[in-house]
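**Student:** Please read through the structure below; I'll follow up with questions.
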Amino acid sequence: MVLTWQSGTSAVVILTFVTRFRRERDKLEIAERALQESEERFEQLAEHIPEGFWMTDMKKRTVLYVSPACGRIHGAPLPPNREILKAWRRTLHPDDRAQVLRAHRRMAADALDVQYRITRPDGQTRWLHIRGYPIKNADGVVYRVGGTVHAMFTSTWTGPIRIEVCDPPRHLLLSLDPDADDGTEVEAWLTEPV
């Protein structure tokens with residue numbers, strides 16, 4: 001827009017400019033309110049869902065988001081995003097560590113579906129079920145992975161154990177001696193979320 005200061009037209013030009021400016025400002029304010037409301041709804045959802053969810057950037061190898069439930073499941077406050085992967089690796093049960101890390105390395109190519117144990121700061125062992133899903137950009141290239149984490153149950157048992165999930169996630173068959181066939185199995189029905 002070119003402003004001319006000839007008599008009679010300058011007031012019209014200024015009025016037109018101010019009117020357009022106000023319309024654009026109003027549109028921006030509406031968009032900002034909508035974004036704020038959307039963020040608020042997302043935060044409410046993330047805070048109240050008992051399952052955790054997360055998203056990583058595959059190219060940068062960074063964590064983009066981890067929901068508050070992940071901290072509750074792991075029994076510790078979430079560290080800053082740049083430290084989350086180190087903290088998560090420290091919680092992996094030694095017997096499951098290699099399998100879990102292999103599965104996570106493949107998640108850019110394949111969907112992730114793995115069950116494993118973690119050791120929480122309070123010493124409890126917790127079984128988790130993790131699912132991850134590759135997310136492709138407009139060019140069809142996987143650039144992010146998003147996933148869920150579900151706490152199956154918590155145990156203070158420190159001996160060997162075999163767990164069969166009969167009717168996930170509430171019906172379990174526990175064998176306290178995985179090598180025995182002598183009736184050391186316990187059937188468990190979980191009645192409350194863990």
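Each value in this text was obtained by applying a stated rule to the coordinates, not by laboratory testing. Values in this document were obtained by computation on a predicted structure and should not be read as measured data.
**Student:** Kindly write out, for region 136-150 in residue order, the coupling ³J(HN,Hα) from the Karplus curve 6.51 cos²θ - 1.76 cosθ + 1.60 (θ = phi - 60°), rounded to whole Hz, with x marking Gly and Pro.
**Tutor:** 9, 7, 4, 8, x, 9, 5, 10, 9, 10, x, x, 10, 10, 10
**Student:** Next question, about the same structure. Report ³J(HN,Hα) in whole Hz for each residue of region 79-89, in order, from the Karplus equation J = 6.51 cos²θ - 1.76 cosθ + 1.60 where θ = phi - 60°; Gly and Pro get x.
**Tutor:** Karplus values, whole Hz, x for Gly and Pro: x, x, 3, 5, 10, 4, 4, 4, 4, 4, 4.
**Student:** Moving to a separate point now. What are the extents of the Cα atoms of region 1-133 along their three principal axes, in Å, largest first?
**Tutor:** 86, 30, 23
**Student:** I've got another one for you. Setting aside same-chain residues fewer than 8 positions from Lys59, which lysines have a Cα under 19 Å from its Cα?
**Tutor:** Lys86, Lys136
**Student:** Spelling out what I want: for every residue of region 91-97, take phi, set θ = phi - 60°, compute 6.51 cos²θ - 1.76 cosθ + 1.60 (Karplus), and round to whole Hz; glycine and proline get x.
**Tutor:** With coefficients 6.51, -1.76 and 1.60, one gets 7, 4, 5, x, 6, 10, 3 Hz.
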